[in-house]
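Peer 1: Encoded as C-alpha cells, here's the structure I'll be asking about.
Values quoted throughout were computed directly from the atomic coordinates according to the rules given, and no laboratory measurement underlies them. These numbers come from a predicted model, not from an experiment. Cβ atoms come from the backbone with ideal geometry, glycine included; neighbour counts cover every protein chain shown.
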Amino acid sequence: MKFGIFYELQLPKPWSRDDEYELLTNALDQIELADRLGYDFAWEVEHHFLEEYSHSSAPEVFLAAASQRTSNIRLGHGIVQLTTNHPARVAERVSTLDLISNGRVELGIGEGSSVTELHPFDRRFRDKRVIWEEAVRCLLPMFWEEGWEYHGEYFDFPLRNVIPKPRQTPHPPLWVACSQLETIVMAARRGLGALGFQFVSAEAAQAWVNAYYNNYVHHLEPLGAYRTNPNIAVVSQFMCAPTDEEARERADGSTFFQFALRFYNEHGPVVPGTVSLWDEYQVWKQSPSGQKAQHGGLVGSPDTIRRKLHKFAESNVDQVILLNQAGRNRHEDICAALELFAADVMPEFHAMEPEHEAWKRAVLAGEIDLAEIDTDPYNRRTNQSPTKQPTASVGD
C-alpha cells in the first residue's frame, strides 16, 4: 500500500492579513517533511471561489514550489479542471512541472464540482461531462505529438506543436476525480486511475476496488491512444497521535472538508462576506450526520490506525490518501502526525507492496476473478452528476 497526503488549502474564517501566506508556507513545509519521511504522493486540488473550503486556485504554482523542495515524493494534480482551463495551457503547465520535478507528476483531471466554480468561466454544470471528455481527447495527444489539431464543439485548436513535452513518456500517469460509484466505473472503463474523493469504509473500499478492476479488465474503452493507469486511491481523514483521545482532539475540525463541500454543492454561490462556513460548521457538527462523521477516518493512535489500515489493505486499494490539512488543524500537529505515522505505521504497509503488486498483475492478466459485490449499499449519490451525458462514441 502506498500513501499520499492531500491539500485543499482550507482556511476557515475569521481571517487575518497573513493567514494565506502562513497556510501555503506551512503546507510546503509539510510536503518537504513528508518527502524526507518517505511518503509516496502529495496531492493538490484546483478550486475557484470556494472560500474557506479551498484556497487552492493555482496548483501548478504550488506544486512547482514543492518540486524544488523535494526529491522523491510524487506531485499530484488532484485534479486539474478541464472544464475551466484550455487544454493547451494544461499541457504546457503540466509538461513544465514534469520537467522541473524530474518526472514526478501525476495528472488528475476532472470536471469541477459546482456552479460556483463553473459559471464564471462560462461553463454550465449540465455540460461538464461532455466538455471534460472532449477536453481529454483534445489534451492528451499534445503531450506526444509534434503537431496536433482538434476541432470539436467546445474546443477548436489549429495545428500546432505544444511545447515543452513532459519528461515522462508519453505523459504523466492519468487519474480522474471520483465521488461516487458511477465515476469509479467510468474511470475504470476509460483506463484512468480513480481518485476516490469520498470517505468510505473498508467494506465500501472492497466493493469499489472490485467494481473498478472488473470494469477495467472486462470493459476497457479508452478515450484515445494514451497509456492507461490502473489504480484506485481513497481519501481518509487523518490524525495520528500517541493516544486516541489526543488524536481526536487535534482533528476536531477535520470533518470541515465534508461539510464545506456539501454546503457549496447544495447552496450554490454565496454573496462574499455574508456567510461564515466555520460558524455554520459548528452547528452541523452537533447534528446527527455531523456527529456520525466525527468517528470516521484514520484518526487515533498508531495501534488504532494500524488496525483500520489492515482492513483497507485487505480490500486491495492501491493508495490511501491522508487528509492531514483540514479545518483548523494546527501545523505542529500535522507535522507530528506525519512523523509518528511514518515511524510506527507506514513501514509495515510499505512492506506489503510487492505482494499487492503481484495480486494486481494477476488480476489484470485475468488470472484472478474478483467477486461482483453488490455496490448499492455503498453507492452514495451526490448532486455532482451533470445532466447532459456524452453521446459521441469512443474514438470519434
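Peer 1: Quick one: which of Ala34, Ala42 is over 23 Å from Lys165 (Cβ atoms) and touching a Lys or Arg at 6+ places or on another chain (Cβ under 9 Å)?
Peer 2: Criteria check complete, one pass: Ala42.
Peer 1: All but one of (1) crowded, with 18+ Cβ neighbours inside 10 Å; (2) not in a helix (DSSP H, G or I) hold for Phe62; which doesn't?
Peer 2: So Phe62 meets the others, but not (2).
Peer 1: Pairs under 7 Å by beta carbon, first residue in contact (Cβ under 8 Å) with a residue 24 or more places away in the chain and surrounded by 17 or more Cβ atoms within 10 Å (Cβ to Cβ) in the stretch 210-222, partner among the basic types (Lys, Arg) and part of a helix (DSSP H, G or I), six or more apart or different chains?
Peer 2: Within 7 Å, the pairs are Asn215/Arg189; Pro222/Arg190.
Peer 1: State yes or no: is Gln258 polar (S, T, N, Q) and touching a Leu at 6+ places or on another chain (Cβ under 6 Å)?
Peer 2: no
Peer 1: Same structure again: Of everything in the stretch 168-196 that's more than 20 Å from Pro87 (Cβ to Cβ) and touching a His at 6+ places or on another chain (Cβ under 9 Å), which residue is surrounded by the fewest Cβ atoms within 10 Å (Cβ to Cβ)?
Peer 2: In this case the residue turns out to be Arg189.
Peer 1: Mind counting the residues in the stretch 329-345 that are in contact with a helix residue (DSSP H, G or I) (Cβ under 8 Å, 6 or more places away or on another chain), surrounded by 16 or more Cβ atoms within 10 Å (Cβ to Cβ) and either closer than 30 Å to Asn215 by Cβ or of a type outside the set (Phe, Trp, Tyr) (or both)?
Peer 2: Of the residues in the stretch 329-345, 10 are in contact with a helix residue (DSSP H, G or I) (Cβ under 8 Å, 6 or more places away or on another chain), surrounded by 16 or more Cβ atoms within 10 Å (Cβ to Cβ) and either closer than 30 Å to Asn215 by Cβ or of a type outside the set (Phe, Trp, Tyr) (or both).
Peer 1: A further question follows. If the requirement is being within 26 Å of Ser56 (Cβ to Cβ), without any contact (Cβ under 8 Å) to a residue 40 or more places away in the chain and buried (at least 18 other Cβ atoms within 10 Å of the Cβ), which of these qualifies: Phe259, Phe199?
Peer 2: Result: Phe259 is the single residue among Phe259, Phe199 that is within 26 Å of Ser56 (Cβ to Cβ), without any contact (Cβ under 8 Å) to a residue 40 or more places away in the chain and buried (at least 18 other Cβ atoms within 10 Å of the Cβ).
Peer 1: Restricting to the stretch 16-59, count the residues that are touching a Phe, Trp or Tyr at 6+ places or on another chain (Cβ under 8 Å), more than 21 Å from Asp279 (Cβ to Cβ), charged (D, E, K, R) and in a loop (DSSP other than H, G, I, E, B).
Peer 2: 1
Let's see how each residue does on (1) closer than 20 Å to Val235 by Cβ; (2) part of a helix (DSSP H, G or I); (3) out of contact with any Lys or Arg (no Cβ under 6 Å at 6 or more places or on another chain):
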| site | (1), (2), (3) |
| --- | --- |
| Lys165 | no, no, yes |
| Trp175 | yes, no, yes |
| Ala188 | yes, yes, yes |
| Glu203 | yes, yes, yes |
| Tyr212 | yes, yes, yes |
| Asn215 | no, yes, no |
